[in-house]
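Read the structure below first, then the notes.
The values are calculated or read from the model by the stated rules, or taken from the named source; none is laboratory data. Just so it is clear, the model here is predicted, and its values are computed rather than measured. Glycine also receives a Cβ, built like all others from the backbone with ideal geometry; neighbour counts cover every protein chain displayed. Please note that ligands, DNA and RNA were not included when accessible areas were found on the heavy atoms of the full protein model with its side chains. Shrake-Rupley method; radii C 1.70, N 1.55, O 1.52, S 1.80 Å.
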Amino acid sequence: MSKGKYGIHGGQYTPETLMNAIIEVEKAYEHYKNDPAFQDELTELLNEYAGRPSRLYFAKKMTADLGGAKIYLKREDLNHTGSHKINNVLGQALLAKKMGKTRLIAETGAGQHGVATATAAALMGFSCEIFMGKEDTDRQALNVFRMRLLGATVHVVTSGTMTLKDAVNETFREWTTRVDDTHYVLGSVMGPHPFPEMVRDFQSVISKEAREQMLQKEGKLPDAVIACVGGGSNAMGAFYNFIPDESVRLIGCEAAGKGVDTEEHAATIARGSLGIFHGMKSYFCQDEYGQIAPVYSISAGLDYPGIGPEHAHLHDSKRAEYVPITDDEAVAAFFYLSRTEGIIPAIESAHAIAYAMVLAPTMSKDQIIIVNVSGRGDKDVAAIARYKGENIHE
Amino acid sequence: MSNPNKVNQISKIFADQKAFIAFLTAGDPSLDKTEEFILAMADAGADLIEIGIPFSDPIAEGPVIEAANERALQVGTTTDKIFAMVRRIRAKTAIPLVFLTYMNPIFVYGGERFFATCEEVGINGVIIPDLPFEEKGEIRELAGSHGLDLITLIAPTSQDRIQMLARDATGFIYLVSSLGVTGVRSEIKTDLAAIIADIRQVSKTPVAVGFGIATPEQATTISKLADGVIVGSAIVRIIAEHGPAATPILSDYVRRMKAALV
């Protein structure tokens, strides 16, 4: 029986060798998600260790400058380890502990998920191995060192396009080799069931808090929530508790790289088609024979040829909108937020800021936008300098 | 099944002997060479050929076969060109042919169109490593309606799932010898005899063992337990090393492996 469906998307397309491991995760998650002691322990970790709840900050200068809707920033960049990734990692690491696992493996693109996983492993006493594409270890060298500093082993993946997709392939291969003591901490709302659901639940703390904070500050719901989308975990977390609020527009920003009319983009909804890959049915950038396309984005975290199945369904059902944002637009937003609010966003999150800059002026001053600042941009400073033609050594 | 005779072709190879099953990736180094390799291996005593349709992201494959997938795609190999090659091969040999590929190339080609073309060109079965029991409903029906066996994979980690999987199997059961991805191994530690005994309680479908087998000694050991032996990476490695000149080396290798089965 097929499980984990979102409309026509999702499922469990996984080699037989991994099926019992995945069923074990599924059963453990089904049990612990309803266990108050587990939830208390997780909340304690999120609050005391990761620094939650994250702030919902009114960006007064940005709002005045753009001259339209009020802009609030959900500050996931202020979490311990610098992004939303820690929310999911603490949940899965705690679950892995309950399952008696002693070793965590994970893929990483920008390195934020790898850093978060290495951090949780250090905290909870797991051994930890991270898989990262060679292209990404080059452009995110600082995060590679952070992971090693935290005690993790970083494997540089040189197969395929040497980016996030290939890191996912390699982590699945590693899991097939060693399932007994190992949990695969998948970093996004993708992969075979139960990962899309479990990761979404762990990330939904973002919209749970944001919704309460908004009602408290403004006494009403926002008109739009904007988040960047690669696999889609920060967006799914930011959208989830607003899905029943039909007046709230949910907008995901995909990486359009050098433009959706070029071959160098990672805009899955704009340019992808239906497929079955990495454990799930969803939309993928691919050719007419189902070969997964090499994708491109300045942002290593959005440089992925697919999108989580729940996003694919939110797109089909028109509950959420997905817009492409180019490298140039994201870099401009990266500078804009830094100089306007003194907040350096991750280049991933800058894709969401970029669309807020387009949307806010078209809205009235009594309307409200929440932008999820999924991570902080320290890791990107050297790469952005290079993009601007300056050679900075990290 | 619309065409029971064709389905029987796979089971038939196990009827009075141990079967040797050879895998290679289509299009590595070219489809003309793949055709030549297949015919040579059939002549040398292979009982069934698994033809890999290359995929950009073969997550069940180790480095040897993964590299073959990349080489094949780089020279422009496509599903349609592979179908054309199979049509040419079918005019020259009756050896059972099975495709090995991933869900996405089949799904994007169109399930019905894919299996109808398989039937038309004379493919006997399909192996899909990322299609587990839980998801196979529609694909199994499509394969069956075109007279193809959807080959069941059983892994060392299948445990309580073994009988559920085996009960459903047709053609042959592909028993994965070891954890991990494809590739040559010096030693196989899984208790294959226990898994095969479990299978035998519920199914008469022949069991062939693959993953990690490269030497005649390993083939002998495995063939004492199972109905057939599957070799992939060792063959793909010969092709990688010798390229277009691999034909006589493949023939010699297949002859030695087949002779080692007991």
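Structural remarks
- Sequence-distant lysines (8 or more away, or on other chains) whose Cα lies within less than 19 Å of B:K189: B:K224
- Remark on the range B:204-262: ratio of C-alpha radius of gyration to 2.2 N^0.38 Å is 1.17.
- Average partner coverage of B:127-133, which counts Cβ from other chains inside 10 Å: 6
- Amide hydrogen neighbours beyond the local backbone of A:F277, cut-off 5 Å, H modeled: A:S282
- Atom-type composition of the exposed protein surface of the range A:308-393 places 53 percent of the accessible area on carbon and sulfur (1.4 angstrom probe).
- Rounded to the nearest Hz, the phi-derived 3J(HN,Hα) couplings of the range A:365-376 under the Karplus curve 6.51 cos²θ - 1.76 cosθ + 1.60 (θ = phi - 60°) are 5, 8, 8, 9, 10, 9, 10, 7, 8, 5, x, 9, where x marks glycine and proline.
- Under 16 Å of direct C-alpha separation, and excluding same-chain neighbours fewer than eight residues apart, A:K3 reaches these lysines: A:K27, A:K281, B:K136.
- Exposed trypsin sites (Lys or Arg not before Pro) absent: longest stretch of chain A, with sites in DSSP loops and at most 12 other Cβ within 10 Å deemed exposed: A:1-219
- Residue mean of other protein chain beta carbons inside 10 Å, A:9-15: 6
- With the simple model of a label 7 Å out from the Cα in the direction of the Cβ, A:A37 to A:E246 spans 4.3 nm.
- Taking only alpha carbon atoms, the protein assembly as shown gives an Rg to Rh ratio of 1.01, where Rh is the Kirkwood radius.
- Residues with amide H under 5 Å from that of A:H155, placed H, sequence gap 5 or more: A:I130, A:F131, A:M132
- Heavy atoms of chains A and B lose about 3100 Å² of accessible surface on contact, summed over both sides with a 1.4 Å probe.
- Minimum 10 Å² accessible area buried by the other protein chains, the range B:178-210 residues, probe 1.4 Å, relative to alone: B:L179, B:G180, B:V181
- Pairwise Lys count, the range A:30-79 - Cα closer than 20 Å, eight or more residues apart or different chains: 4
- Accessible area per residue for the protein assembly as shown, computed on protein heavy atoms with a 1.4 Å probe, is 35 Å².
- Comparing the full protein assembly with the isolated chain (1.4 Å probe, heavy atoms, ligands and nucleic acids excluded), the residues of the range B:81-123 losing at least 30 square angstrom of accessible area are B:M103, B:N104, B:F107, B:V108.
- Accessible area of the range B:147-262 belonging to carbon and sulfur atoms, whole % at 1.4 Å probe: 53
- GNM result for chain A, Cα springs below 10 Å: residue of A:A352, A:A118, A:A293 fluctuating most strongly: A:A293
- Contact order relative to length of chain A, as percent, for alpha carbon pairs under 8 angstrom and 6 or more apart: 21
- Cα centroid of the range B:49-69 to Cα centroid of the range A:160-184, whole Å: 16
- Dividing the mean sequence gap of close Cα pairs (under 8 Å, 6+ apart) by how many residues chain B holds gives a relative contact order of 25 percent.
- Integer Hz, Karplus 6.51/-1.76/1.60 couplings in order for the range B:246-256, x for Gly and Pro: 6, 3, x, 5, 5, 4, 5, 5, 5, 4, 5
- The range B:157-225-the range A:137-154 distance, computed between alpha-carbon centres (Å): 39
- Percent accessible area from carbon and sulfur atoms, the range A:153-252, protein chains only, probe 1.4 Å: 45
- Mean-square fluctuations from a GNM of chain A, with a 10 angstrom spring cutoff on Cα atoms, peak among A:E30, A:E197, A:E107 at A:E30.
- Violating pairs (Cα-Cα greater than 26 angstrom) within the set A:K5/B:K204; A:K97/A:K379; A:K134/A:K318; B:K18/B:K204: A:K5/B:K204; A:K97/A:K379; A:K134/A:K318
- Phi angles across the range B:49-66 convert, under the Karplus curve 6.51 cos²θ - 1.76 cosθ + 1.60 with θ = phi - 60°, into 3J(HN,Hα) values of 10, 8, 9, x, 7, x, 10, 4, 9, x, 6, 8, 9, x, x, 5, 6, 4 Hz, Gly and Pro given as x.
- Amide H contacts under 5 Å for B:I173, placed H, 5+ residues apart: B:V207, B:A208
- The distance between label points at A:A122 and A:R178 comes to 2.1 nm (points 7 Å beyond Cα on the Cα→Cβ vector).
- Spacing of the two label points (7 Å from each Cα toward its C-beta) at B:K12 and A:E212, in nm: 7.0
- Cα centroid separation, the range A:295-332 to the range A:36-86 (Å): 21
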